[in-house]
Structures are given as structure tokens and as C-alpha cells.
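What follows is calculated from the coordinates using simple rules that are stated; it is not laboratory data. All values derive from a computational prediction rather than experimental measurement. Cβ coordinates were reconstructed from backbone atoms using ideal geometry, including for glycine residues, and neighbour counts include every protein chain displayed.
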Amino acid sequence: MTGQTRRRPPPLPPCTSACCATGAGRRTVGDRVRTTRWSAPTGDADACAEGTRPDERLVLRVGLWVEGGTVAAARFRATTCATLLALADAACEWAEGRPVAEVAAVAPPVLLALLPDVPEGRRDRASLVAAALRAAASCVPRPIQPPEQEGAP
């Protein structure tokens, strides 16, 4: 892709959720499912990864766009599990602006703290989302460092 300009994900649509409109703060699972703002194609991302749970027919694909070691944009595509959609949406929002190394180390409790109303029987979705984020972050191309010259300071 030398000489080509990479496409960035489309800009986020304005949030129409009641919590954003009223300034009430934290979005719930329901709010996030109604307005999955970070759901978008991931094909042009700098790094993509997929997480699956075939026994439950869950599939999540996460794409990261990176600039200078920081996640500039994060988007996802997922199967239609409301909790998976909400957690992926919250995770992509959380990842934007963070160093790739921090995203590469994310754990499920961090994501569950973003959505405390996740039902007990669906909290396992956070491990799928965290694994996909970590995998995508581990696929980010590292800049090539020139070999050190002997005798260089």
C-alpha cells in the first residue's frame, strides 16, 4: 500500500440516546443496542481480529486504525446478541485514544465496568470482546527499527 492513503472509518453519527441528549452520563446495554455508533466495516483497518464462540453462534470482528502507537479509531461488526453488540460498542469507544499496548492488555472486568447492567448470564461476552480487542492490537504493524550501528552513541 505504499503511496496510497488509507481509508478511515466513517465519522460517528451523533448519539441520539437519552443519556447523551440529557447529559445523564453512562449508557446502558439498551442505549448501546439502540445506537451502536461504533459498528462499521472493518476492512480498511490497520489491524483486524475476529473472536468466535461457535456453540452460541457468536462472531465479533474488531478493526483498529492506529496513528503513532495510539488507537485513532476502533470499529466492530458482530452477530445479533444484544449484550455482545453493547459490549463491543463500549469497548470500541473505550479503545479510541488509548495506546495500542493498553488495548492489547484489556481484561474483561475493564469492559464490564463500562456496562454494569450486563445481565449475569451474559457477562461471559466480555471475554470474547476483550480477546478480539487484544488480538487486533497484537496485529498492529510495528514500525521497522533500523539496526543499531556498532559504536553509535
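Here are some notes:
- Neighbourhood charge, 13 Å Cβ-Cβ cut-off, centred on residue 49 and excluding it, Lys, Arg +1 and Asp, Glu -1: +2
- The Cα atoms of region 27-153 cover 60, 26, 26 Å along the three principal axes, with the biggest extent listed first.
- Cβ crowding within 10 Å averaged over residues, with 85-93, 108-116 ranked highest first: 85-93, 108-116
- Summing Lys and Arg as +1 and Asp and Glu as -1 over all other residues whose Cβ lies under 10 Å from the Cβ of residue 62 gives a net charge of +3.
- Taken about its Cα centre, region 27-138 carries a charge dipole of roughly 240 debye when the Cβ of each Lys and Arg holds +1 and the Cβ of each Asp and Glu holds -1.
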